Amino acid sequence: MLNVRDVVTAYGKIEALKGVSLEVAPGSITCLLGPNGAGKTTLMLTVAGVLRPRKGSILFGERDLTGLQPHAIVSAGIALVPENRLVFPHMTVLENLQAGAYQRKDDFEPDIEAMFGRFPRLKERAAQQAGTLSGGEQQMLAVARALMSRPKLLLMDEPSLGLAPLVVEEIFRIIADLHRDGTTIFLVEQNAHMALRVASHFYLIEQGRVSFSGTPGALAEDELIRRAYLGSAH
Amino acid sequence: MVLLTDFLQNTLDGLTLGASYALLALGFTLVFGVLRRANLSYGPAILFGAYCATWVYLKWSAGLLILAAVTIIGSIVAGTYVERLCFAPHRRGSAIAAMVASFALWMQLEELATLVLPKHLYAFPALYEGPALALGALTLRVESLIMLGAAVIVCGLLWWTLYRTRFGTAVRAVIDDASAAELAGIDVPRVFLLVFALSSAIGGLTGFLIVSSQEQVTPMLGMWSTLKGMLAMMLGGLGSLPGAIAGGIALGLLEAHSQWYLGPQLRDFVAYLLLFVLLAIRPPWMSTRSAS
């Protein structure tokens, strides 16, 4: 579905991605692991069109997305839930959802109702400014806003970052639900334990290069990865 | 009694002057609030529009409605030209680069206008030719009434656009967080261009009302519009639209009263002194972040 080929992305002279190739299969939950500064967020921003790759290409199905503007990537069917859940703080919850449907010409009212069904807390706070929500609620709003564009592929950059364990549980339950309802998900996650429960394929990225690709089983068997990402609990 | 009449008359004059400043500040603030960048060519784009209208008037003695349309369209053309040349290339780059570039286009637009119409002063047809209204001891020019009415209508339309339309949702999203807005599928460069067009349209309308009230146009209109718009915006808090209206009215009242009580030489001095003091003590409303 998503095919990243030899992508190099640089900030000035510093190459954050030094030729990354990976694939997200349709209907899968694919997880990207890696230490801080390895290039995970850079890869997400490159796929979403915020950063332009210096080399390489990004294919989505048959379409070449390389170098497209972010809004064109959204209309192609990819939505990113960015790191630190960037909601619109001075707009209401409802307006945030409407902004997420900006590209749609059809009637999106049923989708707003569907979001309120999926996230009842957002319905209670529909008229409230998004900046007044708790961290977990903002994360749900960020996910709901991304879903309003009806993406075929949902990118999520560290959705559990800075959230309480119970809220993290809830976020992962939502990820599993979305997947069951047919959304393909490409996830960056530090919390490998949680990711192991949902993801069907893993990539490990280190210093701008993919250093491991495999199933959850292969990941758990790899001694080095286990020590670095799963601790001694296993 | 005479003192009171003077005070009321000055307040009335200040309000109408303030209405024109508020309109100028709305246009200036719209761009500043959305792009977080100062467009110094704001006034010169208005000058360009007003000179287009003057040219049309000299050539065909066109009527007021046509001249209003020409001023607004001319301002929009110049304003979007400024956006494409100065602001679009520096969207993610330096705010200073964009501001300096807009200063360069200020010179360009002013030169172009004075090249076509080189005299220092041109007559412009009057907005209203009848006598002023008498309200007891006070007088009110009909032009002032039109200016006040225009300010109210523009504020209402702008509010409606920002809070009741799809485009308004996009503008407010960009104001809140431009990166999040583009990830939500909003075409941010297009929003910037349209915001410039809207800002220039408000500026053009205001410019038309000003030159037709004064029945003359000079090349100073450009600098004057940028300075008044910027000053009123700063008085009301950077980037806040209600603040721009309040700042414009406050500036008008301040100028009208200080001109009467302290003399015309001190009029601008008092306004800049107040700005200096406010910037030094930074009252809470001057740190507003959001334009909505």
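Just to check I understand the Karplus step: with θ = phi - 60° and J = 6.51 cos²θ - 1.76 cosθ + 1.60, what whole-Hz values come out for region A:201-211, glycine and proline as x?
Each residue of region A:201-211 in turn: 9, 10, 10, 10, 10, 9, 6, x, 9, 6, 10 Hz.
Just list whichever of A:K13/A:K40; A:K40/A:K105; A:K123/A:K152; B:K59/B:K228; A:K105/A:K152; A:K13/A:K152 have alpha carbons separated by over 27 Å in the model shown.
Working: A:K13/A:K40 18 Å; A:K40/A:K105 33 Å; A:K123/A:K152 24 Å; B:K59/B:K228 31 Å; A:K105/A:K152 17 Å; A:K13/A:K152 34 Å.
Cα-Cα > 27 Å for A:K40/A:K105; B:K59/B:K228; A:K13/A:K152; rest within.
With label points built 7 Å along Cα→Cβ from the Cα atoms of A:K13 and A:A218, find their separation and express it in nm.
3.7 nm
Region B:115-140 to region B:91-108: how many Å between their Cα centroids?
34 Å
Taking H placed 1.01 Å from N in the peptide plane, check which residues at least 5 places from A:L80 or on another chain put their amide H under 5 Å from its amide H.
For A:L80, the qualifying residues are A:L155.
List every residue whose amide H lies under 5 Å from the amide H of B:L238, counting only residues 5 or more places away in sequence or on a different chain, with H placed 1.01 Å from N in the peptide plane.
Residues meeting the criterion, in which the H sits 1.01 Å from N, are B:T288.
Which percent of Cα-Cα pairs in chain B sits in each 5 Å bin, short to long?
1, 6, 12, 16, 18, 17, 14, 9, 5, 2, 1, 0, 0
Given +1 on the Cβ of Lys and Arg, -1 on the Cβ of Asp and Glu, and no further charges, what dipole in debye does region B:111-246 carry about its Cα centre, rounded to the nearest 20?
Dipole of region B:111-246, to the nearest 20 debye: 140 debye.
State, to one decimal in nm, how far the label point of B:W285 lies from the label point of A:L59, with both points 7 Å from Cα in the Cβ direction.
A separation of 6.0 nm, rounded to one decimal place.
For region A:3-47 and region B:34-55, compute the distance between their C-alpha centroids and round to whole Å.
Spelled out, the Cα-based centre of one part sits 44 Å from the other.
Once R0 is set to 45 Å, what does the formula 1/(1 + (r/R0)^6) return for the Cβ-Cβ distance between A:A164 and B:L157, expressed as a FRET efficiency to the nearest 0.05? Can you show the working numbers first?
Numbers: r = 45 Å, r/R0 = 1.01.
Taking R0 as 45 Å, the efficiency between A:A164 and B:L157 is 0.50.
Hey, got the Cα dimensions of the protein assembly as shown along the principal axes, in Å, largest first?
Reported extents, whole Å, longest axis first: 92, 48, 45.
How large is the charge dipole for the protein assembly as shown, taken about the Cα centre, if only the Cβ atoms of Lys, Arg (+1) and Asp, Glu (-1) carry charge, to the nearest 20 debye?
Working: 40 positive and 39 negative charges, 118 e Å.
That gives the protein assembly as shown a dipole magnitude of about 560 debye.
Name the residue, out of B:V56, B:V70, B:V171, whose mean-square fluctuation peaks in a Gaussian network model built on chain B with Cα pairs under 10 Å.
Between B:V56, B:V70, B:V171, it is B:V56 that shows the largest mean-square fluctuation.
Size of the dipole of chain B about the Cα centre, Lys and Arg at +1 and Asp and Glu at -1 on the beta carbon, nothing else charged, in debye to 20? Write out the running numbers ahead of the final one.
Numbers: 16 positive and 14 negative charges, 135 e Å.
The dipole magnitude comes to about 640 debye.
Quick one: among A:V188, A:V24, A:V143, which has the greatest mean-square fluctuation in a GNM of chain A with alpha-carbon springs under 10 angstrom?
Maximum among the listed residues: A:V24.
Report, by chain and number, residues whose modeled amide H sits under 5 Å from the one on A:S28, excluding near sequence neighbours (fewer than 5 apart, same chain).
A:I185
In square nanometres, what is the average projected area of the Cα convex hull of region B:20-146? Numbers along the way, then the final one.
On the way: hull surface 38.3 nm².
Convex hull of Cα atoms, orientation-averaged projection: 9.6 nm².
Sum up the charges of everything whose Cβ sits under 14 Å from the Cβ of B:S213, counting Lys and Arg as +1 and Asp and Glu as -1, but leave B:S213 out. Write out the running numbers ahead of the final one.
Numbers: positive: B:R141; negative: B:D13, B:E129, B:E143, B:E215.
Around B:S213, the charge tally is -3.
Along the Cα-to-C-beta direction of B:V2, a point sits 7 Å from the Cα; which residues of region B:136-171 have their amide N less than 18 Å from that point?
The answer is B:137-139, whose backbone nitrogens lie closer than 18 Å to the label point.
Note the angle between two axes, namely the Cα long axis of helix A:109-118 and the longest principal axis of the Cα atoms of chain A, as a number of degrees from 0 to 90, rounded to the nearest 10.
Rounded to the nearest ten degrees, it is 70.
Using Cα atoms only, what is the angle between the long axis of helix A:135-147 and the major principal axis of chain A, expressed in degrees (0 to 90) to the nearest 10?
Roughly 90 degrees, rounded to the nearest 10.
For every other residue with a beta carbon closer than 13 angstrom to the beta carbon of B:S41, add +1 if it is Lys or Arg and -1 if Asp or Glu, then tell me the sum.
Values: positive: B:R37, B:R84; negative: B:E83, B:E110, B:E111.
That sum, taken over residues with Cβ under 13 Å, equals -1.
What are the ³J(HN,Hα) values, in whole Hz, obtained from phi via the Karplus relation 6.51 cos²θ - 1.76 cosθ + 1.60 with θ = phi - 60°, for each residue of region B:165-174 in sequence order, with x given for Gly and Pro?
10, 5, 4, x, 4, 5, 4, 5, 5, 5
Kirkwood Rh over alpha-carbon pairs of region B:143-248, then Stokes-Einstein at 25 °C and 0.890 mPa s: what D in µm² s⁻¹, rounded to an integer?
Values: Rh = 15.3 Å.
For the chosen part, D equals 160 µm²/s.
Any read-out appearing in this document is the output of simple, stated calculations on the displayed coordinates, not a laboratory observation. Note that the coordinates shown come from a computational prediction; the quantities given were computed from them, not determined experimentally. All Cβ positions, glycine included, derive from the backbone under ideal geometry; neighbour counts span all protein chains shown.
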